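Worksheet: the structure to be examined is printed underneath.
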Amino acid sequence: MTTLKNPVPKKVNAAERMLNLLALLSVRSQPITLRQIRQELRGQYSDNEQASRAQFERDKSDLRDLGIPIETVVLGGDQAGETAYKVTRNNYELSDANFTPAEVEALQIAAATVRLATSESEVALWKLGAERVKPSIGPRVTIGFSDPYLDVILDAIAKRAPLTFVYKGDERVVDAYGMLARKGFWYLVGFDHLRKAQRVFRVDRIEGDVEVGKPKSYTMPKGLNIAKAVPTDRQMMAAGDYEHPTAKVLVDSTLVRNVTREFGREAVVRENPDGSAVFEVPCSNNYAFRLWLFAMMDKAVVLEPQEVRDNVVRWLDELTEGA
Amino acid sequence: MAKKRAAAKTASRRVGAKRAAAKRVAGRTATKRTASTRTTSTRASGKSAAKRKAGAPRRRGPRSASDRVAGLLIILPWLMKRKRVRLSTVAQQFRMSEEDLVADLQMAAVCGVPPYTPDALVDVFIDDGWVVAEIPKLFSRPLRLTSAEMYAIIAMVEAAQRLPGATSRSALTAAVTKLKRLAPDPDETAVMIDLPKDPLLEELQHAQRESLELRIAYFNPSRSETSNRTIRVGKIFSERGHWYVLADDEKSGAMRNFRVDRIQSIDRTGKVYDQADVARRAESEADRDWFGDSLETVTLRVRDDASWIAEAYPTVSRTKNRDGSIDVTLRITTEHWLSRLLLRGGRNATVVSPAKYQGLTAATAAAVRAKYR
C-alpha cells in the first residue's frame, strides 16, 4: 500500500476538495490546523500559502452555507495561537426518524396530494428518505411558493428574528409569528412594532427588501392559531364601524348553496318555496360587503335595513350615471 | 474495487460530451441556502434572491462546486438507504440529467479520507445502468432539515391530513408525530395551509375511486344559468382557493373544468366508466393553458380599492401608471364574466379597450338596479 500513499491526482476540482475536507474533518476526533489539513489533502490545496488559505476559507464558508457548522479552536502549547478546525457529525446530520415503510409511503402520498411548488418540500422528502411520487387518484392541491422572501421569512420565524420591510408605504419592524397560505396568497402574521399590535401582511405586497434582525429577539405568543389570525372574507365583512352590523339579503336559488357554505345554516332567516333564501350577513365593512354582494349581480337583493338598501341603490345609480 | 472504478468510467464515456443544462434541484438547494444564511442582519435583496429562485430557468454553464456538493450530500444518503437504484430513476427523482448525475457520482467515488485507499473512499459505483451504494461509510446520513424545509413539509402533511378521504390516516398521523420530533419547536404550527372545504368533495372522490358516472346540476356564472350535465371525474384539484373537478362532459364531448362550489346537486347515473382513459385525458388536459389564446383580451385601468383585480386573476400584462393606477390586460371567458368584474370594481375600474365594453359597467349596474324598484 505504500506506493498508493498519495494516489490523488495533482489537479482536483473544488467540489471534490470540499467533500474530502468534510470527510476529513468529520472522521478526526481532534481539531486539526490548516497546516495539517494541507498535508493530509496533499495536492488538493494550492502550494502557495496565501492561495491555499483563500481556497480553504471559501470551502469553509460554502460548507457552512450548506448547514454544516465548522467549529474552530485556538490551540495552546507548542501550537499556541494556531486555529484548528473540526466538524461534529451530530451537529449537522439528521437524527433518524425511524419511519416505518407505511409511514414513508403515507408521507409521500401526502406530499403528492398537497404540493408546495418549492424545492424545500422536495429536499425535505429526500432527506427523510422518501421520494417524489405521482398519485393516480384523489384530490390534488398545488400551493405556489415562488415569492423570493418566503424562505427568508420562514427562517426568521424559526430563529425568532424580527423582519424589517416596507408595507403600504411605511417601514415596519415585525416579530414574525407564522405564515398562512389561503386562496392563492401567503399571509404573514406578526407583531407590528409600528402599529404596536398583531397584524397580517400579504407577503406579495411587501415592497423592496426584507431585512432580518437578531435571532431570539422575541417569543411566540402562547396558543396563537395562525389560521384564525388571518381574517376570512366573512370576517372582513364584519370588521368595520358601520352603524348597521348586519343586513338581510335575498339570494337566488342557484346561489343558496354557496352562501350557506360561506355563512353557515345559522345565517338563513327564511327559505322560500322557489328555492331562494334570505340570509342575514355582516355588513359593518361597507367595502367588503359591496364586493361580496355585487359578485352575485342581480341574483342578490338587499331587503333591509332600509339604509343599507339605499346605499346599494346609490352605488348602482352612481355607476349608471358615470357612463 | 478496480472493477467498480472501471464501471463508473465506462458509464461516463457512454454518456458522451453532451451537457444539457438540466433543472437541478440539488443546485437550487445550495443557492437558496446561501440566501437564508445572509439573513442574519444583512439585507436579502428581493431581486437577486428571485433570480436564484426555484423554478427559474437555470443558467447554462458549469454547475458550481457548492451546488454539486449540496446535491451529493442529499443524493448519497438517499442512495445508501436503497442500495441499488436504476440510474434513470435517480436522475428523474432528483431532476438531473443522467450525465450530470454520473459525473457527480463518479467524483464522489474518488472522495474519502487519506490515504484514499479503496476502503477509505465513498462506496458508490455505476453498474450497467444501476447505481449501487451498498456500504454506508461516508456521507451516509442526510443533512438536517432547514427551518424552511421543516415548516414546508409539516404544513403540507398537516393540510393533507385535513382533506376528506385521506388514505392510511393512521400511518400519516404516526409519521407527523415522528416528523415533529425532529422540529426545533414541535408544539408550534407556525406555517399552515388553509384549504377550502366543500361537502361535495367526498362524494366526488368516491365517484372517482369507483369510476361512477355522475349527473350534476351546474351553475355557470358566466352565463348565469344552471344546466344538467353528465360527467366522468378525471381529476379533482384546488387552485386559488377553489376546488375544481376536471371531467369528461357528455354535453360538450370534451374534458371540462367545473368549480365544485357551483355544483348544485350530484346524482349517480348507475353507469361506470373507464377511469384510466379519463384520467389520461385529464392529465394531458391539465398541462394545457386553461383558457387558451382564442379568448378575447380586455384592458382595464384599476386604482385604489379596485387594485385587487390586478392580482386576483391570471393576467396577460400589467403596467403601473404614473398616477398609481394599473393597466391590466386579461383574457375574458364571457361578457357576463367581465360585467361582474366591472360591477365589483365599481368606479375605480374602467375599460381602456376594447371600446365596445366601455358602457358595460353602467348597463350592468342598471340591470341590478332594476331589482330594487
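The values are calculated or read from the model by the stated rules, or taken from the named source; none is laboratory data. These numbers come from a predicted model, not from an experiment. Quick reminder, even Gly has a Cβ in these numbers, built from the backbone with ideal geometry, and neighbours come from all protein chains shown. Heavy atoms of the whole protein, side chains included, go into the accessibility calculation; ligands, DNA and RNA do not. Shrake-Rupley method; radii C 1.70, N 1.55, O 1.52, S 1.80 Å.
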In nm², the average projected area of the convex hull spanned by the Cα atoms of chain A is 29.2
Restricting to aspartates and glutamates and to Cα separations under 13 Å from residue B:320, and discarding same-chain partners fewer than 8 apart, the set is B:304, B:311
Losing no less than 30 Å² of accessible area (probe 1.4 Å) relative to the isolated chain, the residues of segment A:139-171 are A:139, A:140, A:141, A:148, A:151, A:152, A:154, A:155, A:158, A:160
In terms of the alpha carbon gyration tensor, root eigenvalues a ≥ b ≥ c, rounded if a/c is under 1.5 and otherwise prolate when a/b exceeds b/c or oblate, segment B:110-150 is oblate
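Relative contact order of segment B:294-373, please, whole-number percent, based on alpha carbon pairs below 8 angstrom and at least 6 residues apart.
Relative CO of segment B:294-373 lands at 35 percent.
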Honestly segment A:2-91 on the Cα gyration tensor test (a ≥ b ≥ c root eigenvalues; a/c under 1.5 rounded, otherwise a/b vs b/c for prolate or oblate) is just rounded
Among residues of segment B:335-373, a drop of 30 Å² or more in 1.4 Å probe accessible area, assembly relative to the chain on its own, occurs for B:340, B:343, B:344, B:347, B:362, B:365, B:368, B:369, B:371, B:372
With a Förster distance of 30 angstrom and the Cβ-Cβ distance between residue B:177 and residue A:303, calculated FRET efficiency to the nearest 0.05 equals 0.05
Rounded to the nearest 10 Å², the 1.4 Å probe accessible area of residue B:225 is 90
In segment A:267-312, accessible area falls by at least 30 Å² from chain alone to full assembly (1.4 Å probe) for A:287, A:290, A:291, A:294, A:295, A:297, A:298, A:299, A:301, A:309
Largest-first ranking of A:315, B:243 by accessible area, probe 1.4 Å, whole protein assembly kept, is A:315, B:243
One finds the C-alpha centres of segment A:172-205 and segment A:31-109 to be spaced, in Å, by 37
By the mean-Cβ-within-10 Å protection proxy, highest first, A:112-121, B:334-343 rank as A:112-121, B:334-343
With all protein chains in place and a 1.4 Å probe, residue A:193 shows an accessible area in Å² (nearest 10) of 80
Contact order relative to length for segment A:61-170, counting C-alpha pairs under 8 Å separated by 6 or more residues, stands in percent at 17
Quick calc, the protein assembly as shown, dipole around Cα centre from Cβ unit charges on Lys, Arg (+) and Asp, Glu (-), nearest 20 debye, gives 2180
Eigenvalues of the alpha-carbon gyration tensor of segment A:134-282, times 5 and square-rooted, give semi-axes in Å, largest first, of 37, 21, 13
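Of the heavy-atom accessible surface of segment B:72-175 (probe 1.4 angstrom), what whole percent is carbon and sulfur? Write down the numbers at each step before the final one.
On the way: 1860 of 3470 Å².
The nonpolar share, carbon plus sulfur, comes to 54 percent.
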Residue separation between residue B:372 and residue B:197 times 0.36 nm, minus their alpha-carbon distance, gives in nm 59.7 nm
Length gained if residue A:35 through residue A:82 is fully extended, taking 0.36 nm per residue and subtracting the Cα-Cα distance, is 16.0 nm
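Tell me, what is the percent relative contact order of segment A:2-91, built from C-alpha pairs under 8 Å that lie six or more residues apart?
For segment A:2-91, the relative contact order is 31 percent.
Set the Förster radius R0 to 25 Å, insert the Cβ-Cβ distance between residue A:100 and residue A:133 as r into 1/(1 + (r/R0)^6), and round the FRET efficiency to 0.05.
For residue A:100 and residue A:133, the calculated efficiency is 0.90.
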Partner aspartates and glutamates whose C-alpha sits under 19 Å from that of residue A:214, ignoring same-chain residues fewer than 8 away, are A:65, A:151, A:155, A:171, A:175, A:192, B:185
Within segment B:206-222, the residues whose backbone N lies under 17 Å from a label point placed 7 Å from the Cα of residue B:274 along the Cα-to-Cβ direction are B:211-213
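On a 27 Å Cα-Cα criterion, which of the cross-link pairs A:222/A:248; B:81/B:235; A:216/B:180 come out too long? If you can, show how the numbers build up before the last one.
Details: A:222/A:248 38 Å; B:81/B:235 34 Å; A:216/B:180 21 Å.
Among A:222/A:248; B:81/B:235; A:216/B:180, the Cα-Cα distance tops 27 Å for A:222/A:248; B:81/B:235.
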Expressed as a percent, the accessible surface of segment B:296-372 that is carbon or sulfur, using a 1.4 Å probe and the full set of protein chains, is 45
The simple spin-label model distance between residue B:128 and residue B:363, using points 7 Å out along Cα→Cβ, in nm, is 7.3
So for segment B:204-297, using the alpha carbon gyration tensor with a ≥ b ≥ c as root eigenvalues (a/c under 1.5 gives rounded; past that, a/b versus b/c decides prolate or oblate), I'd call it oblate
So, with points 7 Å from each Cα along the Cβ direction, the residue B:254-residue A:197 label distance in nm works out to 5.0
Inter-part gap, Cα centre of segment A:234-257 to Cα centre of segment B:119-151, in whole angstrom, is 58
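Give the carbon-plus-sulfur fraction of the accessible surface of chain A in %, rounded to a whole number; probe 1.4 Å, heavy atoms of protein chains only.
49
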Using the Kirkwood radius over Cα pairs of the protein assembly as shown, the Stokes-Einstein translational diffusion coefficient at 10 °C and 1.306 mPa s, in µm²/s and rounded to a whole number, is 55
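Given N residues in segment B:241-373, what is its alpha carbon radius of gyration divided by 2.2 N^0.38 Å? Let's see the in-between values first.
Working: Rg = 18.7 Å, N = 133, 2.2 N^0.38 = 14.1 Å.
Computed over Cα atoms of segment B:241-373, the ratio equals 1.33.
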Note: probe point = Cα of residue B:86 + 7 Å toward Cβ; backbone nitrogen < 15 Å; residues of segment A:108-144 passing the test are A:134
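Averaged per residue, what accessible area in Å² does the protein assembly as shown show with a 1.4 Å probe, protein chains only? It would help to have the intermediate numbers written out before the result.
Details: 32240 Å² over 696 residues.
Per residue, the protein assembly as shown has 46 Å² of solvent-accessible surface.
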Once residue A:13 and residue A:318 are pulled to full extension, the length gained, defined as 0.36 nm per residue separation minus their Cα-Cα distance, is 102.6 nm
Between residue A:265 and residue A:214, the two model label points (7 Å from Cα along the beta-carbon direction) sit apart by a distance in nm of 5.6
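Would you mind giving the total buried accessible surface between chains B and A, with a 1.4 Å probe and ligands, DNA and RNA left out, rounded to the nearest 100 Å²? Numbers along the way, then the final one.
Working: alone 22950 and 20820 Å², together 32240 Å².
Adding both sides of the contact gives about 11500 Å².
Could you put B:194, A:47 in order of accessible surface area, largest first, with the 1.4 Å probe and the full protein assembly present? Mind dumping the intermediate values first?
On the way: B:194 45, A:47 135 Å².
The residues order as A:47, B:194, largest area first.
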